[in-house]
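The values are calculated or read from the model by the stated rules, or taken from the named source; none is laboratory data. Note that the coordinates shown come from a computational prediction; the quantities given were computed from them, not determined experimentally. Note that we place each Cβ from the backbone using ideal geometry, even for glycine, and neighbour counts take in every protein chain shown.
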Amino acid sequence: MALAGEIDFDGWRRAARQLLGRGVPPGEIFWSTAAEDDLFGAGNLVPPGGESPSFTVPRAFVSLAETALLHRDPERFAHLYRLLWRLRDEPRLLEVAIDPDVAQVQGMAKSVRRDIHKMRAFVRFRRTKLDEADWYVAWFEPEHHILEANAPFFMRRFTAMNWSILTPEASAHWDGADLAIGPGARKADAPGDDALEDLWRGYYASIFNPARLKIGAMHAEMPVKYWRNLPEASLIHPLIEHAQRRMNEMVTDGPTAPNARPHHPHRAAEPPKAEAGSLGALRAEAAGCRACPLWEPATQTVFGEGPPDAPVLFVGEQPGDQEDLEGHPFVGPAGRLFDRALAEAGVDRTHAYVTNAVKHFKFELRGKRRIHQKPGGSEIKACRFWLDREIDLVQPRLIVALGATAAQSLFGKAMPVGKSRGRLLDAGQGRTQALITVHPSYLLRLPDEAAKAEEYGRFVEDLRLTRGFFEAA
Ligand code: URA
């Protein structure tokens, strides 16, 4: 019996119904796929329609069969038919987990589910260009035939990006509107290293916690087979070596007094023990923040960046769509305008610490687009914990609030930006002074070109006020 392809579940189901209806026992059927028939001669293609089986197929079997059919084992069609054949006379067969036929098919389904999970965890996109547009391409080698079943997950997850996932046997492509399945590819068809690789490596190094290192579990959860396609893989061995050295040092150094840590609800997991008290440790801790519901739909926590002793700390509202995907603050359209205005004001952004009042992207899904939503008071309050810690560690001489959300977070109450902007205020953090100005997105939204130019000029003037703080540093 020939099926149209490796994952032709409908074809298999139709054939199984007909064969069952005609009473054909499992041992008399040779199952194949169209691709194999091209090699070995014409098979007996499943005709449309067909007889109904003489019994009701349990729903649990249908969903089990749909999953198990994605397994790479060429015998899977036969295993499934044998199970179906037996279910006619043994309706509770699926409950007998130790039955060899049940165990076989359950095992196949489990292996497929695991492969689906691994693909979600280990696919890494690399940015490339297609017709001037950004296009993200990933190479992945699944164990089973899971690409098509898994593609809708990536479509929902990366709705706003154009992407392709290439595998040796098929490829999936999303252009923001349609999902297409195409032929397989070679690894060489996928782009190599790019800037995103560094980003992943940096992220991985920052979340790597030697105190919780379990090499066996790492191999199980992140099988070596996937390592060669992961940018962070090049860090694994140096990090393991470093962790082991560190542990030996800790053993020889003896115990140290524990740090006093305030209790707070912001930690989902154990706090990292490496570099306690540093911005790196704080960033790693914030990566697991669950203090408000915004973490769940967001891609990642976008933490502040800049020198740990920066004299000026800029606070924005929250990461936007691009920041959420890339993991850096102010890298999207508002960030580019911010960069331009800073340069015009004579300020070097690399000397400043740049962060946000809220560290997860808040959005509403409209069709395929993630539309920015203003964070609410409770979200600003929940995230103030991280901003406070950043200010404590950086100890800037000046804090600049970009827009109303940042000002509200900083002063703990709504501040009228129009009235407060452009003059130095007391931020209440010891000697720290504060400055309020508009958010760059506000300038982007102004519809009138003349007003835009005028407001932009005022923004540059406000930023010029920060120069003295850098110079005196
Ligand atoms: N707007 C912000 O407030 N912060 C960012 O990081 C990007 C856009």
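Among the residues of segment 364-378, the ones that are closer than 20 Å to P152 by Cα, surrounded by 12 or more Cβ atoms within 10 Å (Cβ to Cβ) and not basic (K, R) come to 1 in all. Mind checking whether some residue in segment 298-306 is within 22 Å of A407 (Cβ to Cβ), surrounded by fewer than 21 Cβ atoms within 10 Å (Cβ to Cβ) and more than 14 Å from the ligand (Cβ to nearest atom)? No, the conditions are met nowhere in segment 298-306.
Yes/no per residue for (1) under 20 Å from E66 (Cα atoms); (2) in contact with a helix residue (DSSP H, G or I) (Cβ under 8 Å, 6 or more places away or on another chain); (3) without any contact (Cβ under 8 Å) to a residue 24 or more places away in the chain:
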| position | (1), (2), (3) |
| --- | --- |
| R124 | no, yes, no |
| R127 | no, yes, no |
| D131 | no, no, yes |
| D134 | no, no, no |
| H145 | yes, no, no |
| F153 | yes, yes, no |
| A160 | no, yes, no |
| I165 | no, yes, no |
| S171 | no, yes, no |
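Pairs are defined by a Cβ separation below 6 Å, a sequence spacing of at least 6 or placement on different chains, a first member in segment 300-317 that is at positive phi, and a second member that is modelled with pLDDT of 95 or more; the pairs so defined are G306/A352; G306/Y353; G306/V354.
Only helices (runs of 4 or more DSSP H) whose full extent lies in segment 369-466 are considered here, and the ones with at least 2 residues that are outside the structural domain of T159 (by TED's automatic domain parsing) and in contact (Cβ under 8 Å) with a residue 40 or more places away in the chain are 377-394, 404-411, 440-445, 449-464. Going by the structure shown, is P91 modelled with pLDDT of 90 or more, farther than 22 Å from D8 by Cβ and in a loop (DSSP other than H, G, I, E, B)? Considered against the rule, which asks whether it is modelled with pLDDT of 90 or more, farther than 22 Å from D8 by Cβ and in a loop (DSSP other than H, G, I, E, B), P91 comes out as yes. The residues of segment 332-348 that are within 8 Å of the ligand (Cβ to nearest atom) and in a loop (DSSP other than H, G, I, E, B) amount to a single one, G332.
Quick check: is even one residue across segment 353-375 more than 24 Å from the chain's Cα centre (by Cα) and on the phi > 0 side of the Ramachandran plot? No, because not a single residue in segment 353-375 is more than 24 Å from the chain's Cα centre (by Cα) and on the phi > 0 side of the Ramachandran plot. For segment 320-331, indicate whether the set of residues that are more than 19 Å from the chain's Cα centre (by Cα) and over 20 Å from L410 (Cβ atoms) is non-empty. Looking through segment 320-331, none of the residues is more than 19 Å from the chain's Cα centre (by Cα) and over 20 Å from L410 (Cβ atoms). Note on segment 434-472: residues that are away from the ligand (no atom under 16 Å from the Cβ), closer than 19 Å to V394 by Cβ and among the β-branched types (V, I, T) total 1.
Please go through segment 308-331 and give me each residue that is under 25 Å from R464 (Cα atoms) and more than 9 Å from the ligand (Cβ to nearest atom), ordered by number. Passing the criteria: P308, D309, A310, P311, V312, L313, F314.
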